[in-house]
Amino acid sequence: MKKILYLALAGIVLSSCTDKSGAGGPKYTETEVAEQSKKVNEYLDRKFDEAVDRSPEFASTLGLRSHYDEWNDRSDEHFKKELDIQRGNIDSLKRNFKLDALDEQTKLSVRLAEEELRRSEDDFKWRYHSYWISQMGGEHNDIPAFLVNVHKVDNLSDAQAYIGRLKKLDAVFDQVLVQLKRREDLGVIPPKFTFQYVTNDIESMIRGFDKSDASNILLADFSKKVDSLKIDADQKNKLKEEAKGALSSVVKPSYQKLLDYWTALDKKATKSEGIWSLPDGGAYYSYCLRHNTTTDKTPDEIFETGEKEVARIKDEMRSIMKQVKYKNDSIQDFFAYMRKDAKFKYSNDDKGRATLLAQSTGYLDTIQKVYLSKLFDITPKAPLIVMPVEKFREKSAAGAFYEDPAEDGSRPGRYYVNLYNMDDEPAYQTEALCYHEGIPGHHMQIALAQELKSVPKFRRHGGNTAYVEGWALYSEKIPKEIGLYQDPYSDFGRLSMEIFRAARLVVDAGIHYKHWTHEQAIEYMIQNTANAPGDCKHEIERYFLWPGQATGYKIGMLKILELRARAEKELGDKFDIRQFHNVVLTNGAVPLTVLDELVNKWIAKTKGEKKAA
């Protein structure tokens, strides 16, 4: 339900945009089509802006200062109201616009807006089945990360808004508790293993509130931002004292109240099972797969696809084992060698951390400056920087992840690397991770989408797992085609990450559909991937908490590869990889079914141009 930050725009029924300009239907001039398309796009942008105005946190991520001292409403009443607004926008659009007089791009916008409504309806139906808080996410970590990374302080008003947000956190946590208690009443309690992670994070934050030094994450962040302002020392000290007061009187008690509830709920959590064990768990898992893959693939199809891909990738791994003249043909032995040999590890000290950050920056600089033009003729304007995960969340955060740039250019895209335990960051995977999270992966796709000018705003900021993560996984593969992965061990790292995503299909369906145990899923990952047992354990815990999410990566990648192979076959020497990537990237994050249609249209158009020539 947190995604409703930006989904409350125009939902449009697909049948309402039927093209009537054919035989028997009305004819429209180019001018009429252009005028009507302009009006529809303006309407969609207006509805998006209204939705952003109702979401202070999303507005801040876009670099806007609207309601800068407020938080999002997390109540059920708010979510229901947002859905009603979408439904009202449908009626308004049907009444006030000629939806049969639109250009192709605007028809697609209408269709995608309709898809957003359909997804919102689905999300709302299953809203109580999600685990609102876990080590993978929740207000206990998300709010500090938001204030540190998103809330900019460029003037006195911004600083006062920061304090205003601190003073209003009790209302946020009260709403979080309502959401958690509602799920508890319905029997939706997170798996047992997640409780200690969350407890540790909350307790760490509470300890920080008792201190005035750098261990108090929010006070340290606020003080640093205020110190950079061009105001007198007395004003700075007054602001800091006011922030300390808010942290002590509002923020700390809010965290304590959450901890008290979480500790009591911990006693009721006795199992770690898949969502098959929840009320209507089977139907909920079908929804999760549909939501994350944007396909109608069944759990059995997901499981079987994973098994086939694992077997195929193992064959490619064996080729690399021969290339490096490994002593035998046992993949398990090679996995163990890659996990344990010191040459594939960074030292677990400041030198090792600096080396990882420097190598990551180097890989990204090289692909941008030397190789990227072979694959793309468009690149994002937003810069990308490599950053370490902040101390307050590094213990529970993922090994690497990406955060979007601000649309107004005030914040770059950020590739975060987790330096908490260097043993968890194998050196042979560093190159592929850079391409996945940075360029040509998440940063290329997300920043380019934000910079699109020919589509409504909601298409610049929406997304689905299969497209977004499918593109990022595809982006791990394509640098090999242009001469990168020159070290065979780095190429093995690429394959090790791909087999990990393939194995996810097996274990996700295994956990949530085939009733696999926690231990059974971990053992499968250990036996079929190069990842360390501890990493496999953490990943399996993630799949328990985010059912279906991990399946989108491989399903999305396979669809992009399928579409590319189709285009290469149909177009022959007319195929241009850069033009193919333009089709994939310049329409925003679309469902896979829509992407299929867009590529088919491009193929047909290109073939037509070839004949005309």
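We did not get these values from a lab; they are worked out from the coordinates using the rules stated. Since this is a predicted model, take the numbers as computed values, not measurements. Here Cβ is always computed from backbone atoms with ideal geometry, including for glycine, and neighbour counts include all displayed protein chains.
Evaluate the Kirkwood expression for the hydrodynamic radius of the stretch 430-582, namely the inverse of the mean inverse distance over all pairs of different C-alpha atoms, and round to one decimal in Å.
16.9 Å
Please give the charge dipole size of the chain, origin at the Cα centre, charges +1 on K and R Cβ atoms and -1 on D and E Cβ atoms. Round to the nearest 20 debye.
So the magnitude is around 540 debye.
Which trypsin sites (Lys or Arg not before Pro) in the stretch 242-283 sit in a loop by DSSP (not H, G, I, E or B) and have at most 12 other Cβ atoms within 10 Å of their own Cβ?
K267, K268, K271
P(r) of the chain in 20 Å steps, Cα pairs, percent per bin?
With a bin width of 20 Å, the distribution comes to 18, 53, 27, 2.
Among residues other than T517 whose Cβ falls under 11 Å from its Cβ, what is the net charge (Lys/Arg +1, Asp/Glu -1)?
-1
How big is the charge dipole of the stretch 139-271 about its Cα centre, in debye rounded to the nearest 20, if each Lys and Arg gets +1 on its Cβ and each Asp and Glu gets -1 on its Cβ?
Magnitude of the dipole: close to 280 debye.
Mind computing the radius of gyration and Dmax over the alpha-carbon atoms of the stretch 513-613? Å is fine for both.
My reading of the Cα-based Rg and Dmax gives 19.5, 61 Å.
How about the stretch 347-409: which trypsin sites (Lys or Arg not before Pro) there lie in a loop by DSSP and see at most 13 other Cβ atoms within 10 Å?
Qualifying residues, ordered by number: K381.
Hey, what's the per residue convex hull volume over the C-alpha atoms of the stretch 30-106, in cubic angstrom?
So the per-residue hull volume is 103 Å³.
List H442, H515, H538 from most exposed to least, where exposure is judged by having the fewest other Cβ atoms within 10 Å.
The order, fewest Cβ neighbours first, is H515, H538, H442.
Taking neighbour Cβ counts within 10 Å as the exposure measure, how do V40, V324 sort from fewest upward?
Exposure proxy ranking, most exposed first: V324, V40.
Explain nothing, just the number: relative contact order of the stretch 187-318, from Cα pairs under 8 Å at least 6 residues apart, as a whole percent.
Reported relative contact order: 29 percent.
Whose amide H sits under 5 Å from the amide H of W516, counting only residues 5 or more places off or on another chain, with H placed in the peptide plane?
I511
Using the charge dipole of the chain (Lys, Arg: +1 at Cβ; Asp, Glu: -1 at Cβ; taken about the Cα centre), state which of I133, M205, Y371 has its Cα farthest towards the positive end.
The residue sitting most towards the positive pole is Y371.
In nm, what is the difference between 0.36 nm times the number of residues separating N600 and K230 and their Cα-Cα distance?
Contour length minus the Cα-Cα distance gives 127.6 nm.
Could you give the size of the charge dipole of the stretch 297-553 about its Cα centre, using +1 on the Cβ of each K and R and -1 on the Cβ of each D and E, expressed in debye and rounded to the nearest 20?
Charge dipole of the stretch 297-553: 400 debye, to the nearest 20.
Can you grab the distance from the C-alpha centre of the stretch 574-613 to the C-alpha centre of the stretch 496-569, Å, no decimals?
29 Å
Using all Cα-Cα distances in the stretch 278-319, what percent lands in each 5 angstrom bin from 0 up to the longest?
All Cα pairs, binned at 5 Å, distribute as 5, 20, 21, 17, 14, 11, 7, 4, 2, 0 percent.
Please turn the phi angles of the stretch 57-70 into ³J(HN,Hα) values with the Karplus equation 6.51 cos²θ - 1.76 cosθ + 1.60 (θ = phi - 60°), one per residue in order, whole Hz, x for glycine and proline.
5, 5, 4, 5, 5, 7, x, 8, 10, 5, 6, 6, 9, 10
What's the exposure ranking of H129, H140, H436, going from fewest to most Cβ atoms within 10 Å?
Fewest-to-most ranking of H129, H140, H436: H129, H140, H436.
If you stretched the chain out fully between N200 and K181, how much longer would it get, using 0.36 nm times the residue separation minus the C-alpha to C-alpha distance?
4.8 nm
In vacuo Debye scattering of the stretch 495-565, one point per C-alpha: log10 I(q)/I(0) at q = 0.13, 0.14, 0.25 Å⁻¹?
-0.35, -0.40, -1.09
Taking only C-alpha pairs under 8 Å that are 6+ residues apart, what is the relative contact order of the chain in percent?
Here the relative contact order equals 16 percent.
With just the Cα atoms of the stretch 297-553, tell me how far they stretch along each of the three principal axes, in Å, largest first.
Principal extents (Cα only, largest first): 50, 43, 39 Å.
Tell me the Kirkwood radius of the stretch 139-271: reciprocal of the mean inverse pair distance over distinct alpha-carbon atoms, in Å.
So the Kirkwood estimate lands at 15.9 Å.
So how far apart, in nm, are the two label points at D408 and F575 if each is 7 Å from Cα heading toward Cβ?
4.4 nm
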